[in-house]
1. Not counting ligands, DNA or RNA, and with a 1.4 Å probe, what is residue 131's accessible surface area in Å² rounded to the nearest 10?
2. So for the chain: antiparallel DSSP bridges make up what percent, rounded to the nearest 5?
3. Ignoring ligands, DNA and RNA, what percent of the accessible area of the chain is carbon or sulfur (1.4 Å)?
4. If you take every residue apart from residue 140 with its C-beta less than 9 Å away from the C-beta of residue 140, what net charge results, scoring Lys and Arg +1 and Asp and Glu -1?
5. Return a whole-number percent for the relative contact order of the chain, with Cα pairs under 8 Å and 6 or more residues apart as the contact set.
6. Largest first, please: the extent of the C-alpha atoms of the chain along each principal axis, to the nearest Å.
7. From the helices alone, meaning DSSP H stretches of at least four residues, give me the mean residue ellipticity at 222 nm for the chain, per-run term -39500 (n - 2.57), in deg cm²/dmol to the nearest 500.
8. Show 86, 8 ordered by accessible area, largest first, where the area counts protein heavy atoms only and the probe is 1.4 Å.
Amino acid sequence: MLDLQRLRALHAVSVHGTVGAAATALGYTSSAVSQQIAKLERETRTVLLEREGRGVRLTDEAHQLVDAARELLAIVERAETELEERRGVPAGRLTVAAFASAARGLLPGVLADLARRHPALDARLNEVDPHLSVDLVAKGAVDLAVAHDWDIAPLPAPAGVEQAAIGDDLCDLLVPAGHPFAGRAAVRRSELGGERWICQPPGRVCHDWLLRTLRAAGHEPDVVHQADENPTLVALVAAGLGVALIPRLGRGPLPEGVVEVPLDPVPVRHLYALWRAGAARRPAIAETVRTLREHWPAASAHPSRTAA
């Protein structure tokens, strides 16, 4: 008899690519995941993982088991959904994936509210890139994702994944205090040529949006500094090293030496909640989406312009 938790561990490694990432997603230690898979190998008398550089590679036999695990986990999810629906209250474990600024600026209040209102619900957060989170929902690795897109880079939602709008997050141009744009009422996109840009690395939604937007305005962006986190980008602007486009969600108050200037038109990114169609009846999904929308006005409010 194959153990479902061990199959879940193997499935997580398949989805997330490494034992460490799978452990983070499941809320276990890496050694615990490795032990689960080692026991599964002994039970099946089959090698499931092989070393490949610093990571691991699933064997052909492991891929067969992953396919079976996916079907079994889907059956379990349907059963849990039906039971939760009959009880009519949010309950059980709910894994939520969110991109960094949503994890910082929106999810803490939402998760605290859910814990207070629904003690039988065990909501857990994983911080991931928005495009990765959609795939994780589709594969059943997480129950719900908070993701975003931009007007020129729509978020793809694969078949079997449903979504609901949460709200719109405005984006501002941040410049050093001595910059010629500081003090302007607004700056047009056509004026952005020749700037030294600070932004996230290639492959991130914000980076791709910046390149597409500036090129559409006839400018080839000069990206001089790259960092993953928005607070790091703001710190680089404060040091006078360039300008940046930063969304308001999770940004916090600006430090001295950084000035916010509105762009015309204002860049907007749209936030969504996404979940698998098969889980749409879960009260936990409906209540989490409702709570996300309830907290959005406060989370998206304009941050203080100066640090305390």
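The values are calculated or read from the model by the stated rules, or taken from the named source; none is laboratory data. As the structure is a computational prediction, the values presented were derived from the model and not from experiment. Positions of Cβ are backbone-derived with ideal geometry, glycine not excepted, and every protein chain shown enters the neighbour counts. Only protein heavy atoms, including side chains, enter the accessible area calculation; ligands, DNA and RNA are left aside. Shrake-Rupley method; radii C 1.70, N 1.55, O 1.52, S 1.80 Å.
1. 80 Å²
2. On the way: 29 of 46 bridges.
Antiparallel: roughly 65 percent of the beta bridges in the chain.
3. Taking all protein chains in place, the chain shows 52 percent carbon and sulfur surface.
4. +1
5. On the way: 547 pairs, mean separation 66.4, N = 308.
This gives 22 percent for the chain.
6. Sorted largest first, the three principal extents are 70, 48, 36 Å.
7. On the way: 10 runs with 128 residues, N = 308.
After summing the helix terms and dividing by the residues of the chain, the value is -13000 deg cm²/dmol.
8. Details: 86 205, 8 70 Å².
Ranked from most to least accessible, the order is 86, 8.
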